[in-house]
Amino acid sequence: MSEKNSVGLVKAKLAQFTKPLKLTSGKKLPSYELAYETYGKLNVKKNNAVLVCHALSGNHHVAGRYKKDDKYPGWWDNLIGPGRPLDTNRFFVIGVNNLGGCHGSSGSKSINPKTKKPWGSDFPIVTVEDWVNAQAALMDQLGIESLAAVIGGSLGGMQAIQWTLSYPKRARHAIVIAAAPNLTAQNVAFNEVARQAIITDPDFYNGDYYRFKKKPKRGLRIARMLGHITYLSDDAMGMKFGRKLKNKNIEYSFDVNFEMESYLHHQGDKFAEEFDANTYLRMTRALDYFDPAKDYQGNLSKAFKKVEAEFLVVSFTSDWRFSPQRSKEIVKALLDNELTVSYAEVTAQHGHDAFLMSDPHYHGILTTYFKKIANQL
Amino acid sequence: MSAQFRQDFAVIANWIPFGAKVLDLGCEDGSLLKFLEGSLEVKGYGIEKDDAHWLNTLKQGLNVIQMDLEAGLSGFESQSFDVVVLSQTLQAMHNTEKIVHEMLRVGKEAIVTFPNFGYWRHRIQLMKGQMPVSKTLPYEWYNTPNIHLCTIKDFDEFCIKNKIGVKERLILTKGKPIHVMPNLMGALAMYRLVSK
C-alpha cells in the first residue's frame, strides 16, 4: 500500500490513572499509566472509536511514523489510514500499550511511585481481564462510552473477546483474528520454554536486573527465536529459507551456516535489545491464563451468554499455533447464543503471522466489515 | 450483482415461518438469505466455502460462516435451527446421505431442492446419445460440479430408505407447478423434509 494512505507522523500520549485498579490476582495497582496513540477524529456522537489491541510483543504504536526517517511504521500500519481497511476518515482509532508493557505503560521497567525505583519483580502478574479493565478506564478518560469495534490478532483477539464479556454494552463489534478461546497445552508448553530461557539467564536476577544494570538478553533472545518458529508455517519457512546456506559451503562449525539460523539470530538479537524480559514473562502468562470458559465448567457457550456484540472471526489455514479449529470453537459458542457472527478461514501460507500481512482477500474482508460498521454509525 | 431471483426462492419462502432461524448451506452470494431477511425477517446464517461468494455474502450485510459442507455440520448444535436449506447443491455433494442427515439433526425441518435428472428434456438428450445440458443443468460433462444427479423417483426412494419424512413436495418447470407425471415433466424438485 502506498505511503499516501498513511496516517503520517504520529505522537504517543500518556494517560494517568489515580483510581486503583483491582487485579484478577487479588492485588491492586494504586495508580498506573498507559501509553497510547490515536489516529483519525472522534466524531460528535463519540461512537466511531475503534480500539486496536496488541499481541505478545506489540505496543500502542500501531500506525504511522514518529519521524519521517523511521525505518518501520507502526506494527499494523497496512491496516490503518485514510482509505485503508480501517479507514481513519471514518473511524477514530486507538492503540494502547498494555499494563505490564515496556513501551511507556506501567510495567516492571517503569518506576514504582512508592519506591521511586523500577518495579522489577514487584510488578504484579496481569491478565487479559486486567488489560481490558485498564483499557476501559482509558476509554472513560477519552469520553468514549461505547466502542464501534475492538479488533486484535492473536493475544489481541483475546482482548477483543474479553471486551464483549467484561463490557457487553461498550463494544458493538469484536473482530477476532487468529485467536483462540484459550491456549492448548502445547501453546502453554512453548510459553514455558520461553520463560525458562529468561528466568534461567544469569542476568535475570529474579526479575530485578535493572538494579544491576543488566538485561537477560540471552534468555530473551532464545525466547524470541522459539516464538518466531511457531509464528511461521513449515511451508513459509521452506519457501523463505529452505536449506539455503549463508555462505557457499557447509562450514563444519556451530556458527551460522543456514539462512534460517541467520534469520532467527537476527530476530532474537533485535528483540533482546528493544524488549523487556519481565514484560515477555507477563505477556506469556496473560496468554496462558486467558480462559473465559473456566468458570463455566469449560463450556464456552455458557461463558458467552452475556455477549451482545457482533463478531467477525478470522483464521488462517497455515496457522498451527492458533489453528482454524480454535477459531471455530469461538464461532460455535457465538452461534449457540444466536449472536451475529461471520467467520472467514483465509487461505494463507504465513502461519500465525498472516494476520499482520496485507493479503488482498484478507484485507477485503476487513474493508467490507468496517464498511458495515461505518454504515451503522 | 449476480443475484438473480431464482424460481425456487418464492417456494422456499412459503415453507419458512416468519422470523424463523434459518441456515442456508452453500449460500453462494447470499441472495436467498437476503430475500428471506427482507420478506420474512428471518435470523439467517449462510455457509459458504468459496472465498469470492463468501465475501459477496458479507457485502450484503449477512452472517456467513466459511466452511466445507462435506465435513458435516459439527459446529452446529442439534435442533438449533428452525429450517436448514440446501438449494440446488445436493447434486454437487460427495457425502449426500451425510449432509441430509446433518440437516435434519441441526434443523427442525430441511428444505432440499435439486434439478430433476428425469426431466424429459434431459431424457431426450440422453437418447440422442449426449449428456444433458439445460437451464437447471447448465454444465458440460467435463466441467460439471454435479456428481450425484438423481431423479425425483430416486430421491423419493432415498427418503424412504433413510427414514426421512416428506412434509411437502413441489415440482416446478419454468416456475410453474407440475402435477402430472412430475418425474418426466418436472425440471426442478423441491422437498420439505422432517425426521421420521
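The values are calculated or read from the model by the stated rules, or taken from the named source; none is laboratory data. What you see is a predicted model; the values in this text were computed from it and never measured. Neighbour counts run over all protein chains shown; Cβ positions are idealised from the backbone, glycine included.
Count of the stretch A:331-350 residues, restricted to those that are at the interface with another protein chain (Cβ under 7 Å from one of its Cβ atoms) and assigned to a helix (DSSP H, G or I), is 4. In the set A:K302, A:K294, A:K306, A:K328, only one residue is facing chain B (nearest Cβ under 9 Å), closer than 23 Å to A:T164 by Cα and of a type in the set (K, R); that residue is A:K328.
Residues that are polar (S, T, N, Q), in a helix (DSSP H, G or I) and either crowded, with 18+ Cβ neighbours inside 10 Å or at pLDDT below 95 (or both) within the stretch A:176-220 comprise A:N187, A:N191, listed in sequence order. Does the stretch A:309-324 contain any residue that is surrounded by fewer than 22 Cβ atoms within 10 Å (Cβ to Cβ) and not in a loop (DSSP other than H, G, I, E, B)? Looking for residues that are surrounded by fewer than 22 Cβ atoms within 10 Å (Cβ to Cβ) and not in a loop (DSSP other than H, G, I, E, B), one finds none in the stretch A:309-324, hence no.
Being in contact with a strand residue (DSSP E or B) (Cβ under 6 Å, 6 or more places away or on another chain), free of Cβ contacts under 8 Å to residues at least 40 places away in the same chain and not charged (D, E, K, R) is the requirement here; does B:L58 meet it?
The answer is yes for B:L58.
The strands (runs of 3 or more DSSP E) falling completely within the stretch B:18-117 that include 2 or more residues that are more than 14 Å from chain A (Cβ to nearest Cβ) map to B:81-87, B:107-115. Restricting attention to the stretch A:251-298, the residues that are hydrophobic (A, V, I, L, M, F, W, C) and in a helix (DSSP H, G or I) total 10.
The one condition from (1) more than 10 Å from chain B (Cβ to nearest Cβ); (2) charged (D, E, K, R); (3) closer than 19 Å to B:H53 by Cβ; (4) touching a helix residue (DSSP H, G or I) at 6+ places or on another chain (Cβ under 8 Å) that A:D353 does not meet is (3).
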